[in-house]
1. Name, by its number, the condition in (1) of a type in the set (D, E, K, R); (2) farther than 14 Å from K7 by Cα; (3) touching an Asp or Glu at 6+ places or on another chain (Cβ under 9 Å) that does not hold for E60.
2. The conditions are (1) modelled with pLDDT under 95; (2) on the phi > 0 side of the Ramachandran plot, and M41 fails exactly one of them. Which is it?
3. Take T66 and tell me if it is under 23 Å from D14 (Cβ atoms), among the β-branched types (V, I, T) and surrounded by fewer than 17 Cβ atoms within 10 Å (Cβ to Cβ).
4. Kindly state which strands (runs of 3 or more DSSP E) lie completely within the stretch 1-79 and contain at least 1 residues that are without any contact (Cβ under 8 Å) to a residue 40 or more places away in the chain.
5. Of the conditions (1) more than 11 Å from the chain's Cα centre (by Cα); (2) surrounded by 15 or more Cβ atoms within 10 Å (Cβ to Cβ); (3) not aliphatic (A, V, I, L, M), G32 fails just one. Which one is it?
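The values are calculated or read from the model by the stated rules, or taken from the named source; none is laboratory data. Treat the numbers as computed from the prediction; the structure is a model and nothing was measured. Virtual Cβ from ideal backbone geometry, glycine too; neighbours counted across all protein chains shown.
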Amino acid sequence: MISNGIKISIISQDQIAFQGDAEGVFVPTQSGIIEVLPEHMQLVSALQKGEIIVKTTDGEKKFKITGGVLEVRAKSNVIILVDLENNN
């Protein structure tokens, strides 16, 4: 468990692609790529085609997406609903 980290859930229509603790996450929003870190302000944003990069203590986990929605909640809780690319 990462102290002062963020809790991330990446969910597609048919699976939970990732669920766990992380140091941060890069997401491709409609306004550009943003990095969500602990204590990030609450936010809801549409996602565009690109790559989500989750930074964990074990390294980076990458997910190619065609779109989705990001919600950053209070207490560093991040929910990402995505359409994963078929070749994942």
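1. If we test E60 against (1) of a type in the set (D, E, K, R); (2) farther than 14 Å from K7 by Cα; (3) touching an Asp or Glu at 6+ places or on another chain (Cβ under 9 Å), just (3) comes out false.
2. It fails just one condition, (2).
3. Numbers: under 23 Å from D14 (Cβ atoms): yes; among the β-branched types (V, I, T): yes; surrounded by fewer than 17 Cβ atoms within 10 Å (Cβ to Cβ): yes.
Yes; evaluated as a whole, the condition is true for this residue.
4. Numbers: elements: 6-11, 16-22, 24-29, 32-36, 43-47, 50-56, 59-73.
Output list reads 16-22, 24-29, 32-36, 43-47, 50-56, 59-73.
5. Going through (1) more than 11 Å from the chain's Cα centre (by Cα); (2) surrounded by 15 or more Cβ atoms within 10 Å (Cβ to Cβ); (3) not aliphatic (A, V, I, L, M) one by one, G32 breaks only (2).
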